[in-house]
Each structure stands twice: as C-alpha cells, then as structure tokens.
Amino acid sequence: MKRAFIGLGSSLGDRRANLERGVDALRSLAKDDAIRVSSFHETAAVLPPGAAADWDVPYLNAVATFEWDDSAMELLSRLKILEVSLGRTAAPRWAPRIIDLDLLLLGDERIESAFLKLPHPSLLDRSFVLEPLCEIAPELAVGPAGESALTMARRLRAPSGTGYFSLLPA
C-alpha cells in the first residue's frame, strides 16, 4: 500500500462543484473510501507566453490523499478515465479546464517515462500545489534534500502573502 497524492484543479463552470465531484470520484479509488482533502484555494492561472486572453481565468485547487495498492501507471490511467467522466475534453496544454487530476506523488516512487514523471516535475514550483499539500501532509519529504512540504511552500510563498485564499475548510 502506498500513499497517493493527487492535485485537483478547475477553472471552468462551477469550479467548486467540479472539485467536489472530483473528490467524490477519487473516493472510488481509495481503500475503504478513506480520503483526506485540503481546503480549496483560488489562484491565478499559470499561463505560457502568448496564451489567449480568455485563458486568464482563476483556478480552484486542492490536494487529496489516499492509500493505493496498484501501480502508478494504473492510477494514472484511472485518473484520466475519471477526468473524462467528469467532463474534461481535449484541449491544448495550459488551457482552462473543467477538471484536472494530477498524480503528484505515490509513496517514494520515482518514475521517469514518456507518460509519467514522479514526483510530479512541477511540484516544487507550484505554490497552488504545495500550500494545499501542507494542510494534509506538512512534514512530507518532497524537497531535493528531503525538505518538508511546509519548508518548500514557505520558500515559494509570495513576500506579500498573496497568491491564494482558502474557500472551504479542510
């Protein structure tokens, strides 16, 4: 059994309802439906250079964790199926979406393939992932030298303290 950490995001439609449906769908993957979820955080969109103006819409983000007893590839496959069942359609990378389910970590697995990289390659660069991760696993070792999620989030936190606000209690 390994602990899986999944990032959830939504920027289209009723974002809160989309994330709630995403959490409910993740329960189907969790052993005994046991799942922990951070509060929901609103963040600005991360945009590539030259992105369309209508892509600049805020996201709601969260992180969920549960026990998983199969392979990382099987979990990734199940997450992709759940995304489609929740209304996600094909769109360019970085485009707004109804739901995004990202496999962030699976135990201490390290994978580097064309389909999956674990830990998630942008995990340490995204405060919108690290901040909610800190709510459910602040001491989790995620940094290159074993630094905790909390330490890594503090390094990314904006000096003004801006960048997100919580919408729902944990």
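The values are calculated or read from the model by the stated rules, or taken from the named source; none is laboratory data. Not measured: the values here are computed from a predicted model. Using ideal geometry, Cβ is built from the backbone for each residue, glycine included, and neighbour counts are taken over all protein chains shown.
Among the residues of region 11-19, is there at least one that is touching a strand residue (DSSP E or B) at 6+ places or on another chain (Cβ under 8 Å), surrounded by fewer than 19 Cβ atoms within 10 Å (Cβ to Cβ) and part of a loop (DSSP other than H, G, I, E, B)?
Within region 11-19, none of the residues are touching a strand residue (DSSP E or B) at 6+ places or on another chain (Cβ under 8 Å), surrounded by fewer than 19 Cβ atoms within 10 Å (Cβ to Cβ) and part of a loop (DSSP other than H, G, I, E, B).
Filter region 77-100 down to residues that are at pLDDT below 95 and hydrophobic (A, V, I, L, M, F, W, C), then give me how many there are.
Of the residues in that region, 4 qualify.
Which one is farthest from residue 71 (Cα to Cα), of the residues in region 1-29 that are small (Gly, Ala, Ser) and free of Cβ contacts under 8 Å to residues at least 60 places away in the same chain?
17
If you scan region 142-159, which residues turn out to be touching a residue at least 24 places away in the same chain (Cβ under 8 Å) and crowded, with 17+ Cβ neighbours inside 10 Å?
Hits for region 142-159 are 142, 152, 153.
Any idea which of 168, 124 is at pLDDT below 90, part of a helix (DSSP H, G or I) and under 17 Å from the mean Cα position of the chain (by Cα)?
None of the other options fit; the residue is 124.
Can you list residue pairs whose Cβ atoms sit under 7 Å apart, with the first residue in region 113-132 being more than 10 Å from residue 152 (Cα to Cα) and the second being outside any strand (DSSP E or B) and at pLDDT below 90? Count only pairs 6 or more apart in sequence or on different chains.
118/109; 128/164; 129/123
Out of the residues in region 49-70 meeting the condition of being part of a strand (DSSP E or B) and of a type in the set (Gly, Ala, Ser), tell me which one is farthest from the chain's Cα centre (by Cα).
64
Of all residues in region 48-107, how many are charged (D, E, K, R) and within 21 Å of residue 131 (Cβ to Cβ)?
4
Of (1) of a type outside the set (Gly, Ala, Ser); (2) part of a loop (DSSP other than H, G, I, E, B); (3) buried (at least 19 other Cβ atoms within 10 Å of the Cβ), residue 139 satisfies all except one. Which?
In the conditions (1) of a type outside the set (Gly, Ala, Ser); (2) part of a loop (DSSP other than H, G, I, E, B); (3) buried (at least 19 other Cβ atoms within 10 Å of the Cβ), residue 139 misses (3) alone.
Does residue 28 satisfy the condition of being more than 29 Å from residue 112 (Cβ to Cβ), among the hydroxyl-bearing types (Ser, Thr, Tyr) and surrounded by fewer than 22 Cβ atoms within 10 Å (Cβ to Cβ)?
Criteria not met by residue 28.
Residue check, residue 88 against (1) in a helix (DSSP H, G or I); (2) of a type in the set (Lys, Arg); (3) surrounded by 15 or more Cβ atoms within 10 Å (Cβ to Cβ), all met but one. Which one?
Tallying (1) in a helix (DSSP H, G or I); (2) of a type in the set (Lys, Arg); (3) surrounded by 15 or more Cβ atoms within 10 Å (Cβ to Cβ), residue 88 fails exactly one: (1).
For region 7-48, name all the residues that are polar (S, T, N, Q) and more than 14 Å from the chain's Cα centre (by Cα).
Passing the criteria: only 28.
Say we look at region 37-57 and pick out the residues that are of a type in the set (A, V, I, L, M) and surrounded by fewer than 18 Cβ atoms within 10 Å (Cβ to Cβ); which of these is modelled with the lowest pLDDT?
Checked region 37-57; the qualifying residue modelled with the lowest pLDDT is 46.
Restricting region 94-112 to residues that are farther than 23 Å from residue 37 by Cβ and in contact (Cβ under 8 Å) with a residue 12 or more places away in the chain, which is surrounded by the fewest Cβ atoms within 10 Å (Cβ to Cβ)?
If we take residues in region 94-112 being farther than 23 Å from residue 37 by Cβ and in contact (Cβ under 8 Å) with a residue 12 or more places away in the chain, then 94 is surrounded by the fewest Cβ atoms within 10 Å (Cβ to Cβ).
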